[in-house]
Every structure is written in C-alpha cells, then in structure tokens.
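Encoded as structure tokens, the structure appears first; notes follow it.
The values are calculated or read from the model by the stated rules, or taken from the named source; none is laboratory data. As the structure is a computational prediction, the values presented were derived from the model and not from experiment. So basically every Cβ, Gly included, is an ideal-geometry build from the backbone, and we count neighbours across all protein chains shown. The area values use the complete protein model at the heavy-atom level, side chains included, leaving out ligands, DNA and RNA. Shrake-Rupley method; radii C 1.70, N 1.55, O 1.52, S 1.80 Å.
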Amino acid sequence: MEIGYCRRCNIPLRDKRCEICGSYPLSLRFHELGDIRPASHYEMDILLSLIPFREVKNYLRRRIVLLAKQPGLDYRKDIFVDGFKFGVLEYIKDGRWRWRFVPTGKGVALIHHLTSHVDFEMRAKGHMKGKKIDRKIDKDWEIVKLGNCVAIAVKERKGVKIKDVYCRKIMERKRSTLKDAVRGNTKFLERIEREAVEMIIKSKARYVAFSGGKDSEVALYLSYLAGVKKAVFLNTGMEFPETVRFVYNFVDFLDMELIELSPQKSFWDLVEEMGIPTKDRRWCTKYLKLEQLKKLQGVIVDGLRKYESLRRLHSPSTRKIGNLRTIYPIFNWLSLDVWLYIHSKGLPYNPLYDMGFERLGCYMCPAMLNAEFHRVKVTHPELFKRWYEYLRKIGYTHEEIMDGNWRWKEPPPKLKEL
Ligand SMILES: [Zn+2]
C-alpha cells in the first residue's frame with residue numbers, strides 16, 4: 001500500500017500532484033493493512049517521552065508524524081516523518097508491559113544530525129549491517145559513529161547488534177501541520193466527499209449509524225449533507241461516557257434526530273448466560289447491536305472501512321440485516337482521509353482519540369489492544385475495576401487479565417509464549 005508525499009511541503013498527498021506547490025509526489029510505502037494516519041496527541045506524547053533529545057522533540061512537534069499499523073499481537077506501528085520511515089513504536093512485554101521506540105538507520109541519522117549526539121564510535125570493518133558486536137548497552141538502542149556513517153546498535157536477547165547503517169546526507173524538511181496537509185489535498189477531499197454524498201442520495205438512505213467513532217462521524221456528516229435526518233445510536237450500555245456525550249452533542253450540533261436503541265437484556269445479564277465475549281467468540285455485536293437494528297426498515301448508512309481489518313477487506317460492499325440494507329460510502333477511505341476530512345471541516349471529534357484509544361467501542365471490548373486496555377485503568381479506573389473484578393470472580397489471575405489472555409477463548413500460540 002502506498003500514498004504520495006510532497007517533500008517540498010512536507011505533507012502526505014492523496015492525488016497525483018501537490019495542490020500547494022504543484023510538484024509530483026514521491027511514494028510513501030507501508031503495510032497493506034497499515035491504514036496510515038496522523039499520530040494522536042497521546043501517541044505524540046508517548047513517542048516524545050521515549051526520545052531523550054530536546055532538539056528531536058522540537059523537530060517532531062513541528063512536523064506531521066504519520067503512523068501505519070504493522071501486523072502483531074498488540075500496538076506496533078511504523079512511524080513516518082519527512083516522508084520516510086523514522087522508526088517503530090510498540091507496546092511490548094519484557095518483564096513488564098511498556099512502550100518501546102526504535103529508530104531506523106535513517107531515523108537515527110536524523111537524530112544525530114539534529115543533536116550531534118554519539119553514544120560510541122567504532123571502526124568500520126567491511127559491511128556492518130546486521131553484525132553482532134561485542135559491547136554492552138544500557139538503553140534499547142544507541143547511536144554509533146561508523147566512519148562517515150551513522151549506525152544504530154540495538155539490544156537483543158542474545159547481545160548487541162548493528163541494526164542499520166545510514167551514510168547519506170540528511171536534509172531537514174519544512175515545518176508542516178495537518179492544516180497544510182488539508183490544503184494540499186483540498187480537491188481530493190472534495191472529490192471523495194462528492195462521491196460519498198452522491199452514493200447516499202442515490203441509495204435513498206433514511207438512517208445513518210452513529211457510534212461516536214471517527215469513521216461513523218464522517219459517515220454521519222456526509223449523510224447530513226445528503227439530507228438524511230435520522231442518526232441511529234446502538235447503545236450497548238458498555239460505552240465510554242465520552243462516547244455517549246459526543247454522540248448526543250454531535251447529533252444535536254447537526255440538528256438531526258437521534259434514535260437510541262438499547263438491548264432488552266443488559267450486557268451483565270447476557271454475560272452470565274453466555275460467558276465473556278472474546279475475539280474468537282464475539283456474541284456481543286449480534287446481541288447488543290445487530291438485533292436492535294431489525295426494528296428498522298429501509299437503507300442505513302454505515303462508516304465501515306475496508307482498511308480497518310483483514311476481515312473487512314473481503315467483506316461485501318452492502319449487507320442486509322432483517323429489512324434493513326446497509327451502505328458503506330467511505331469503504332475505501334484511509335484513516336488519513338477520515339482525519340483530513342474532519343480537520344478540513346473543522347469538526348469536533350471524540351476526545352478518547354487523544355487519550356490513547358484508537359478504536360472506540362465498549363470499554364471492555366476484547367478487540368481492544370492491550371495498550372488500550374491498560375489505558376482504561378488510568379483514564380476510567382471505576383469502569384476498569386468493574387470488569388477486572390468480574391474477570392477475577394470467574395477465575396482469571398491478575399497476570400492473565402493484564403496480559404489480555406481473557407480476550408481469546410483459545411489464545412493464539414504466540415500469546416501463550418508471554
Ligand atoms: Zn507541495
């Protein structure tokens with residue numbers, strides 16, 4: 001998967017030319033399901049806390065930092081700065097759960113360029129990339145001066161290795177913000193907006209599903225532009241309070257009608273009958289959400305996107321639930337498009353995105369990353385405690401809960417290794 005990148009304006013581009021300077025972009029490649037997007041405030045804070053150089057923090061704060069998912073069991077993302085891969089940010093367990101940032105060779109060269117910092121020097125003996133070296137380092141990684149090149153040494157289980165070497169000159173790129181990115185992609189955003197609105201109008205949609213997340217917010221806004229009047233909120237009773245508040249406020253802001261549907265039996269009753277929902281046995285969506293939709297007839301707009309998950313990559317472009325047909329006007333949008341669109345319209349968004357959450361659903365959703373689940377403990381201690389105590393009551397140990405084992409009925413082999 002790739003998008004364009006204007007090096008001159010230092011912004012991502014979705015069309016064939018930069019709308020600010022007219023230059024042709026180079027391509028920025030990332031994982032097929034990377035679903036690239038700007039880093040949230042929370043992610044920026046985490047990243048900057050892991051880089052011990054003031055000059056680098058200042059540099060990153062004034063540029064667009066993009067993140068693309070990498071496959072893995074938990075949070076693991078490629079970081080892009082100035083249009084190149086700067087490093088990887090991940091949430092790992094080595095003894096305890098923690099965040100780790102490791103730069104690429106070019107990333108470490110940029111850090112060295114901005115700070116002149118060197119941890120140690122080595123004499124290059126031929127090709128060093130990938131070689132083990134006889135040295136102890138304290139940190140996750142160190143900056144190595146290697147002749148005229150800059151290299152990164154990383155600590156691995158079996159010793160220290162030269163992970164990458166970078167020998168070319170580093171260019172500092174222009175400062176940029178999301179506002180610049182919106183400016184450089186205005187026509188693109190207008191086009192995808194127009195296509196989506198036309199699709200909604202053509203479908204004669206009566207409803208739009210609104211969960212309080214960013215994708216459904218955009219679907220809601222586009223539906224509003226297309227003349228849809230009714231927003232449907234499926235309240236599972238396990239939503240974050242911020243989400244419920246945002247749903248009410250945003251629907252009110254657009255002066256639309258809110259239809260709030262709640263399950264007949266509460267989650268807590270269902271969990272007694274069915275056991276806890278897990279990634280490999282997710283009864284919750286069906287009972288808490290889809291069943292309620294059967295009360296409606298006609299066409300409903302939904303903010304589902306294909307890049308959100310592998311499963312969705314292969315799902316059909318429409319779906320029927322009872323007498324309700326679903327359409328997906330932003331199915332092909334990247335997370336980046338969604339954020340640029342939200343910023344281009346100056347729309348508010350759910351505050352949870354800047355508090356360390358990436359997919360908003362129930363506060364104990366098994367589809368959450370451990371990085372997010374641990375975050376609930378900090379941001380919503382009472383909600384966390386209630387679920388934690390339930391899991392303890394049905395027999396999970398503290399460690400099993402914190403490692404996220406409860407999220408699978410049959411944990412995948414990799415997780416068992418933890
Ligand atoms: Zn440009």
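Numbers at a glance
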quantity: More than 13 angstrom apart: percent of Cα pairs within the range 352-412; calculated: 61 percent
quantity: Long-range Cα-Cα pairs in the chain (distance over 41 Å), rounded percent; calculated: 22 percent
quantity: Ordering of 225-238, 94-107 by packing [mean C-beta count within 10 Å, highest first]; calculated: 225-238, 94-107
quantity: Accessible area of GLU121 in the full protein assembly, 1.4 Å probe (Å², nearest 10); calculated: 140 Å²
quantity: Span from the the range 135-149 Cα centroid across to the the range 200-274 one, whole angstrom; calculated: 51 Å
quantity: Expected-Rg normalisation [2.2 N^0.38 Å, Cα atoms] applied to the range 67-164; calculated: 1.10
quantity: Student exercise, the range 224-324 dipole from Lys, Arg, Asp, Glu Cβ charges, in Debye to nearest 20; calculated: 620 debye
quantity: Size of electric dipole in the chain: Cβ of Lys, Arg +1 and of Asp, Glu -1, about Cα centre, debye, nearest 20; calculated: 1440 debye
quantity: Square roots of five times the Cα gyration tensor eigenvalues for the range 32-95, Å; calculated: 19, 16, 9
quantity: Cα-Cα over 22 Å, subset of LYS85/LYS169; LYS69/LYS345; LYS77/LYS139; calculated: LYS69/LYS345
quantity: Normalised per residue, the volume of the convex hull around the Cα set of the range 99-238 (Å³); calculated: 212 Å³
quantity: Accessible area of GLU410 in the full protein assembly, 1.4 Å probe (Å², nearest 10); calculated: 130 Å²
quantity: Span per principal axis, largest first, for the Cα atoms of the range 185-416 (Å); calculated: 52, 37, 34
quantity: Per residue convex hull volume, Cα atoms of the range 213-321, in Å³; calculated: 121 Å³
quantity: For the range 133-175, convex hull of alpha carbons as volume per residue, Å³; calculated: 91 Å³
quantity: Histogram of C-alpha separations across the range 2-166, 10 Å bin width, %; calculated: 10, 35, 36, 17, 3, 0
quantity: CD proxy at 222 nm, helix term only [per DSSP H run n ≥ 4: -39500 (n - 2.57); per residue of the chain; nearest 500]; calculated: -9000 deg cm²/dmol
quantity: Carbon + sulfur, % of accessible area of the range 52-161 - ligands and nucleic acids excluded, 1.4 Å; calculated: 45 percent
